[in-house]
Structure formats: structure tokens, C-alpha cells
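Okay, structure first, notes after.
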Amino acid sequence: MTIEEAFERLGRSKFRSQFKLTAADRAYIERVGLAGIEQHATDFVRERLAPAFPQNDGRQTPMRGHPAFKAMHATAMCCRGCMKKWWKVAQGKPLTPLQQAKVVKMLMAWIQRASEISK
């Protein structure tokens, strides 16, 4: 599935479609830069999603506070349960480095798209 196909699928979900970047989010992206946001997203994925049994799985990702958190919810990559339901990612197994990189790529695509749409 391509990123465009994934966005099309996510767009049919009322819950996933509700996430938007605020002016404060866009200002933060401008201040930190996309490379900084990508590093944060990489860290969040490694810490919050990559373990086989993430701490507080299902509740580990806030709904606000960082553009990557909104992207995680908007793309159904906020917890292992959502990743299983939406993307068929097995629970109980750690994410491989390749899987982590794909998640970050999707998050960054959403952030870039959302920041362009919301201007």
C-alpha cells in the first residue's frame, strides 16, 4: 500500500480525520524544523511503539503536545492495537528497524501534508 492509498483509507475514518495541526503546532515545526520533528518522531516510535509490549499500550500516546503525537493518532500508529487493526502489524513482537523507519516516514508524510493544508 502506498502512502497515498493509506491516506485515502484513513480519510474515511471520522476519528482519524479529526486530527489537525494548530497554529502553535505549525510554529513549533517552523522553530524546530522538519529534521528536528523527524528525530522526535523517531525517538517516540522507538520508545513508545517498537517494544514487543510497550508500557501502557493503548494509552501511551497523548492526543496533543507534539505534532508527532497528532500524526500517530491520525495515521493509526498510536499503539500496537491500532497498528494491528489498521496495518496488520503483529503484537507481541518488537518492531524491526525497517518497520520503525516506515512508521516514521508515514508520520512525517502526514505532518508535511497537514502543515501545508492548514496554512
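The values are calculated or read from the model by the stated rules, or taken from the named source; none is laboratory data. Being a predicted model, the structure only gives us computed values, none of them experimental. Methodologically, a virtual Cβ is constructed for each residue, glycine included, from the backbone with ideal geometry; neighbour enumeration extends over all protein chains shown. Surface accessibility is based on the protein's heavy atoms, side chains included, excluding ligands, DNA and RNA. Shrake-Rupley method; radii C 1.70, N 1.55, O 1.52, S 1.80 Å.
So, for the chain, what is the accessible surface per residue at a probe of 1.4 Å, expressed in square angstrom?
Averaged over the residues of the chain, the accessible area is 58 Å².
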Handout entry: Fraction of accessible area attributable to carbon and sulfur, the chain (%, probe 1.4 Å)
Key = 55 percent
Handout entry: Cα-based Rg / Dmax (Å) for region 74-119
Key = 12.0, 40
Handout entry: With Cα atoms, 0 to 90° folded angle of helix 97-117 axis to the chain main axis
Key = 30 degrees
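Please give the contour-minus-distance gain from S13 to R46: 0.36 nm per residue of separation, less the Cα-Cα distance, rounded to one decimal in nm.
Between S13 and R46, full extension yields an extra 9.3 nm.
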Practice task
Compute the long axis of helix 23-44 from its Cα atoms, compare it with the longest principal axis of the Cα atoms of the chain, and write down the angle in degrees, 0 to 90, nearest 10.
Solution key: 30 degrees
Problem - Protection proxy ranking, peptides 107-114, 80-87, 63-70, 91-98, average beta carbon neighbours within 10 Å, highest first - result: 107-114, 63-70, 80-87, 91-98
Fill in the blank from the handout: Per the helix-only model, the chain has a calculated mean residue ellipticity at 222 nm (DSSP H runs of ≥4, -39500 (n - 2.57) each, divided over all residues, rounded to the nearest 500) of -19000 deg cm²/dmol
Handout entry: Cα centre as origin, Lys/Arg/Asp/Glu Cβ charges: the chain dipole, Debye
Key = 420 debye
Problem - Reported label for calculated Rg/Rh (Cα atoms, Kirkwood Rh) given (i) 1.26; (ii) 0.98; (iii) 0.94 - result: (iii)
